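**Student:** Quick one: structure below, then a few questions.
Where a number appears in this text, it was derived from the coordinates with a stated rule and is not lab data. Given the structure is predicted, the values throughout are model-derived calculations rather than measurements. Quick reminder, even Gly has a Cβ in these numbers, built from the backbone with ideal geometry, and neighbours come from all protein chains shown.
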Amino acid sequence: MEIYQNPLAARYASKEMLENFSDNKKFRTWRKLWIALAEAQMEMGLNITREQIDEMKASRDCINYDVARHREREVFHDVMAHVYAYGQQCPKAKPIIHLGATSCYVTDNTDILIMMDGLRIIRNKLLTCMYHLSVFAEKYKDLPTLGFTHFQPAQLTTVGKRACLWLQDLMLDLEEWEHVWSSIRIRGVKGTTGTQASFLTLFDGDQQKVIELEKKVLEKLGFQQAYPVTGQTYPRKLDSRILNLLGSIAQSAYKFSNDLRLLQSLKELEEPFGEKQIGSSAMAYKRNPMKAERISSLARFVIINALNPAITASTQWLERTLDDSANRRLVIPQCFLAVDGILNIYINIASGLVVYPKIIEQRIKQELPFMATEYILMEAVKRGGDRQELHEKIRLYSMAAAKRVKECGEENNLLELIAQDPAFRLSEDELDNIMEPGNFTGRAPNQVEEFLSEYIKPILNNNMDSLVYNVELNA
């Protein structure tokens, strides 16, 4: 309570994402990389014994953090502090730990591995959001609702069709995820400035052995490819590419959350509200869209921070400069944590969305007479009316009805005015039949069915094992 706590950790991100970006995960991965390098060097004929490798493996997960922290205060170098600490636990292996490597061998390769694990978590939650929205869209594919352009009443759509707009955004994010994922490579075994000079020395100038060493390390880490050339670091454009993906997911969630906030204000749709949840400290009746607002807030944070890696990638001097370090330590984990939090909330909302059909129907009745005028005009012309004359009548009747609604707060009487005019040759019963809302939703229900069956269900059917069924919100 006496020092600053990061709200991303305390309130928003899941335990699994926090563990993924923990120091324990990072430093254990460093040791995994040191073992992979030493083992590959042994297999390539360097003077490294199985006993040394076994000693390193035995201490891989029990890190002596107190020794590392004390050493770092002396040498001001985190990698060398951990090399020293590992050597204290592995006296036989001490001489060969980090042999030929530069710091970025462990730091950069570890960063890539951790980001990949983070992306796996994100993908599973993205798919889960898609699942819940698809269920919602299918359930409400036929329910007419007022469409809005410029947040002004427009032609009807359906509640399910609108959900498909949110769902399609997530589908595009998943496509981008697949593209980014397929392009990720590891830094590999490149040495201080990427020339592999130290390893060439270790193998007495045998270039083929250096090439084979990197292949062996990659195989032990589960990779087929490393970046073909690097400076001291992997290309920082990778960070930019990954955070652009996270920013894209944030954009989709932001759009959804804003739409929900508007619809909740109209009382048409509502995020789930806990039995004991308090909406306002003063106004006890309120049911604020606080979860959607939290998505908006976190999404803004991610979208803005997605610019940081772009600047970092742009300003890397020659083979490397260290002004990326502090920025990356802050920006990359926090964007992952924030998107994780966003998707947790998104899943919570999408799995419990509340619809109020009576409110939706009431709003349709207020606006549909205006929207039906083109349909009515066509019917009247088909019955022998003059298009130009009828158009002018509709214009005048519409203005009168709008004035009645806006200035007097009375019901929309446009249909009554049209029914009373013999020029339209339409009875009240005929007009009532025309005014069935389902007549004005076009292909929206069919579009929902087609979109779900052709695009979404194949994705979900291939990924049912990836769905996250239990998501708890911390606050």
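**Student:** Go ahead and estimate [θ] at 222 nm for the chain from helices alone: -39,500 (n - 2.57) per DSSP H run with n ≥ 4, summed, over the residue count, rounded to 500. Walk me through the numbers before you get to the answer.
**Tutor:** Working: 20 runs with 294 residues, N = 475.
Mean residue ellipticity at 222 nm (helix-derived): -20000 deg cm²/dmol.
**Student:** While we're looking at this one, here's another question. Nearest 10 degrees, 0 to 90: what angle lies between the long axis of helix 23-43 and the longest principal axis of the chain (Cα atoms)?
**Tutor:** 50
**Student:** For LYS139, go through the aspartates and glutamates and keep the ones whose alpha-carbon is under 15 Å away, minus same-chain ones fewer than eight residues off.
**Tutor:** GLU449, GLU450
**Student:** Let me ask something else. If you filter segment 100-197 for chymotrypsin sites (Phe, Trp or Tyr not before Pro), then keep DSSP loop positions with at most 10 other Cβ within 10 Å, what is left? Before the final figure, lay out the partial values.
**Tutor:** Working: sites: TYR105, TYR131, PHE136, TYR140, PHE148, PHE151, TRP166, TRP177, TRP181; in loops: TYR140, PHE151.
Loop-located and lightly packed - PHE151.
**Student:** Say the dipole of the chain comes from +1 at the beta carbon of Lys and Arg and -1 at that of Asp and Glu; which of ILE456, LEU396, GLY194 then lies farthest toward its positive end?
**Tutor:** Sorting the options by dipole projection puts first GLY194.
**Student:** Dipole size in debye (nearest 20) for the chain around its Cα centre, Lys and Arg Cβ +1, Asp and Glu Cβ -1?
**Tutor:** 1200
**Student:** Do any GluC sites (Glu not before Pro) in segment 309-398 lie in a loop, going by DSSP, with at most 13 other beta-carbon atoms within 10 Å of their beta carbon, and if so which?
**Tutor:** GLU319
**Student:** GLU449 label point, 7 Å along Cα→Cβ, cut-off 17 Å on backbone N: hits in segment 155-173?
**Tutor:** The answer is 158-162, 164.
**Student:** Towards the positive end of the charge dipole of the chain, with charges on Cβ (+1 Lys, Arg; -1 Asp, Glu), say which of MET42, ALA226, PHE440 has the farthest Cα.
**Tutor:** MET42
**Student:** Within segment 4-75, report the chymotrypsin sites (Phe, Trp or Tyr not before Pro) that DSSP leaves as loop and that have at most 12 other Cβ atoms within 10 Å.
**Tutor:** Hits after loop and neighbour filter: TYR4.
**Student:** Compute the separation of the alpha-carbon centres of segment 16-82 and segment 395-418 and state it in Å as a whole number.
**Tutor:** Answer, in whole Å: 77.
**Student:** Kindly put ARG28, ARG187 in sequence by how many other C-beta atoms sit within 10 Å of each C-beta, fewest to most. Walk me through the numbers on the way to the answer.
**Tutor:** Values: ARG28 16, ARG187 23.
Ascending number of Cβ neighbours within 10 Å: ARG28, ARG187.
**Student:** Go through ALA68, SER22, VAL180 and say which Cα lies farthest out towards the positive end of the charge dipole of the chain; charges sit on Cβ, +1 for Lys and Arg, -1 for Asp and Glu.
**Tutor:** ALA68
**Student:** Taking the chain as the reference, fit the longest principal axis to its C-alpha atoms, fit the long axis of helix 65-75 to the helix C-alpha atoms, and give the angle between the two in degrees, 0 to 90, nearest 10.
**Tutor:** Result, in degrees: 70.
**Student:** Would you please state which residues of segment 214-231 a label at ARG120 would reach in this model, taking the label point 7 Å out along Cα→Cβ and a backbone N cut-off of under 12 Å?
**Tutor:** 222
**Student:** Which shape class, rounded, prolate or oblate, goes with the chain when its Cα gyration tensor gives a ≥ b ≥ c as root eigenvalues, a/c under 1.5 marks rounded, and past that a/b bigger than b/c marks prolate?
**Tutor:** Prolate is the answer for the chain, as a/c is 1.5 or above and a/b outweighs b/c.
**Student:** Which pairs, out of LYS382/LYS406; LYS291/LYS365; LYS15/LYS267; LYS25/LYS190, put more than 25 Å between their alpha-carbon atoms?
**Tutor:** LYS382/LYS406; LYS291/LYS365; LYS15/LYS267
**Student:** May I pose another question? Would you mind checking the tilt of helix 237-265 against the longest principal axis of the Cα atoms of the chain, expressed as 0 to 90 degrees and rounded to 10?
**Tutor:** Its long axis makes an angle of about 30 degrees.
**Student:** If you stretched the chain out fully between SER325 and GLN5, how much longer would it get, using 0.36 nm times the residue separation minus the C-alpha to C-alpha distance?
**Tutor:** Working it through step by step, the gained length comes to 113.1 nm.
**Student:** Cα gyration tensor of segment 186-319, axes a ≥ b ≥ c as square roots of the eigenvalues: rounded (a/c below 1.5), prolate (a/b > b/c) or oblate? Could you put the intermediate results ahead of the total?
**Tutor:** Details: a/c = 4.66, a/b = 3.37, b/c = 1.38.
Since a/c reaches 1.5 and a/b is larger than b/c, the shape of segment 186-319 is classed as prolate.
**Student:** With labels modelled as points extended 7 Å from the Cα through the Cβ direction, what inter-label distance (nm, one decimal) is found for ARG404 paired with ALA313?
**Tutor:** 6.1
**Student:** Along Cα→Cβ, 7 Å out, is where each label goes; now give me the distance between the ones at ASN413 and ASP386 in nm to one decimal.
**Tutor:** 2.6
**Student:** Could I ask something else about it? Could you give the length gained on full extension between ASP421 and GLN155, defined as 0.36 nm per residue of separation minus the Cα-Cα distance, in nm?
**Tutor:** Values: separation 266, 0.36 × 266 = 95.76 nm, distance 2.51 nm.
Length difference between fully extended and current span is 93.2 nm.
**Student:** By how many nm would the segment from ASN258 to ASN439 lengthen if fully extended, with 0.36 nm per residue of separation less the alpha-carbon distance?
**Tutor:** Residue separation times 0.36 nm, minus the Cα-Cα distance, leaves 62.3 nm.
**Student:** So, one more: Run the simple label-point estimate for GLN225 and GLU175 please: 7 Å along Cα→C-beta, distance reported in nm.
**Tutor:** 2.1
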